[in-house]
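The values are calculated or read from the model by the stated rules, or taken from the named source; none is laboratory data. If you're wondering where the values come from, they're calculated on a predicted model, not measured in any experiment. Note: ideal-geometry Cβ built from the backbone for every residue, glycine included; neighbour counts use all protein chains shown.
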Amino acid sequence: MNLKDKINQDLKDAMKSGDKIRLSVVRSIRALILEFEKSGTAKELTPEDELKMLTTAAKKRKDSIEQFRNAGRNELAESEETELKVLMDYLPKQMDEVEIKNEIVRLATEIGAKSKEDFPRLMPLVMKELKGKADGKLVKLIVESYLG
């Protein structure tokens, strides 16, 4: 089942159950899909496009949470966190720090990266490998600490 079919089914389920937060998030994902389809590009929605769409939506919510916390608006931050949890159900399981570090060590060993000068070679390779599975900021911090 592709993302569009899953979202349409989840939309019906959320309406029936009365879960307003899930309904809101599912509607926002559906709006992203419709926007992509109406964008004028005559291409089908690929799994890569779906992943990019969902990770962008998750990143926006994470940034909003950070901004709300900094502004002392905890009730809005909690609302965004709840929506983020629903959104994460549609993304692949996120890797933890240990799994990320192990992958970075493996890739660094493969290309012989040992110092900060190797960052431009290692980082794109790591991000390609972990795309959608790990937060980019966390990956960057771990790569910098490994090379630094």
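Observations
- Criterion applied to Lys20, Lys52 was being of a type in the set (D, E, K, R) and either within 30 Å of Glu144 (Cβ to Cβ) or modelled with pLDDT of 95 or more (or both), and the one residue passing it is Lys52.
- Meets criteria (free of Cβ contacts under 8 Å to residues at least 60 places away in the same chain, among the basic types (Lys, Arg) and within 29 Å of Lys4 (Cβ to Cβ)) for Lys60: yes
- Positions within segment 15-31 being charged (D, E, K, R) and either outside any helix (DSSP H, G or I) or not assigned by TED's automatic domain parsing to the domain that holds Met53 (or both), in sequence order: Asp19
- Scan of segment 77-96 for residues that are surrounded by 13 or more Cβ atoms within 10 Å (Cβ to Cβ) and either among the small types (Gly, Ala, Ser) or more than 22 Å from Ser28 (Cβ to Cβ) (or both), ordered by number: Ala77, Ser79, Met95
- Taken together, Thr82, Thr56, Thr109 contain a single residue that is in the same structural domain as Lys137 (by TED's automatic domain parsing) and part of a helix (DSSP H, G or I), which is Thr109.
- The residue that is nearest to Asp13 (Cα to Cα), counting only those in segment 50-76 that are surrounded by 15 or more Cβ atoms within 10 Å (Cβ to Cβ) and among the polar types (S, T, N, Q), is Thr55.
- Any hit, segment 26-41, residues being closer than 22 Å to Asp135 by Cα and basic (Lys, Arg): no
- Filter result for Lys131 (of a type outside the set (Phe, Trp, Tyr), at pLDDT 90 or above and either in contact with a Ser or Thr (Cβ under 6 Å, 6 or more places away or on another chain) or within 29 Å of Lys4 (Cβ to Cβ) (or both)): no
- For segment 32-49, the set of residues classified as in a helix (DSSP H, G or I), farther than 18 Å from Asp13 by Cβ and among the aliphatic types (A, V, I, L, M) consists of Leu32, Leu34, listed by residue number.
- Residue tally, condition more than 27 Å from Asp49 (Cβ to Cβ) and surrounded by fewer than 19 Cβ atoms within 10 Å (Cβ to Cβ), over segment 97-113: 10
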